[in-house]
Amino acid sequence: MKNLPPEVLQQVASYFQVLAEPTRLRILNFLRQGEHNVGELAQLCGYTAANVSRHLSLMMQQGLVARESRGTCVYYRIADPSVYALCDLVCDSIVRQFEQASKNRQALLGYAAESEQKKTG
């Protein structure tokens, strides 16, 4: 991000905004398994086709997904596989944060139990 002009930073922010919606992340996860049409994605996600279609449109604007018409159906696939590397990096970081928080909680609970035992014992 060094020395990027403001208009490029705005584009970067727009890209991350698309990824900041859980529904779109679910759709990306299903597309990781292969291409799907809107109806299939709607069924997999448990949302309406109109809702899924709206999300796919936003993802297309950012270049995350591509569409291909086949007869009366439109199939979507990942256009930029690097989005998975980015998502995996963020998810791994969050998992590490949760694990550290859990360790800290366990240590605190152990300290509290030890302290209580000293008071009563």
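For region 51-77, the candidate set comprises residues that are without any contact (Cβ under 8 Å) to a residue 40 or more places away in the chain, part of a strand (DSSP E or B) and among the charged types (D, E, K, R); within that set, the residue that is farthest from residue 12 (Cα to Cα) is 70.
Out of all the residues in region 43-50, is one or more in the same structural domain as residue 11 (by TED's automatic domain parsing), under 27 Å from residue 11 (Cα atoms) and either part of a helix (DSSP H, G or I) or modelled with pLDDT of 90 or more (or both)? Checked region 43-50: at least one residue is in the same structural domain as residue 11 (by TED's automatic domain parsing), under 27 Å from residue 11 (Cα atoms) and either part of a helix (DSSP H, G or I) or modelled with pLDDT of 90 or more (or both).
Can you spot a residue in region 4-15 that is in contact with a helix residue (DSSP H, G or I) (Cβ under 7 Å, 6 or more places away or on another chain) and in contact (Cβ under 8 Å) with a residue 24 or more places away in the chain? No, the conditions are met nowhere in region 4-15. For region 92-111, the condition of being in contact with a Leu (Cβ under 6 Å, 6 or more places away or on another chain) and closer than 23 Å to residue 22 by Cα holds for none of the residues. Kindly indicate whether residue 32 is surrounded by 13 or more Cβ atoms within 10 Å (Cβ to Cβ) and under 15 Å from residue 80 (Cβ atoms). Judged against the criteria, residue 32 is not a match.
The values are calculated or read from the model by the stated rules, or taken from the named source; none is laboratory data. Remember, it's a predicted structure, so these values are computed and weren't measured experimentally. In this analysis, Cβ positions are derived from the backbone assuming ideal geometry, glycine residues included, and neighbour counts consider all displayed protein chains.
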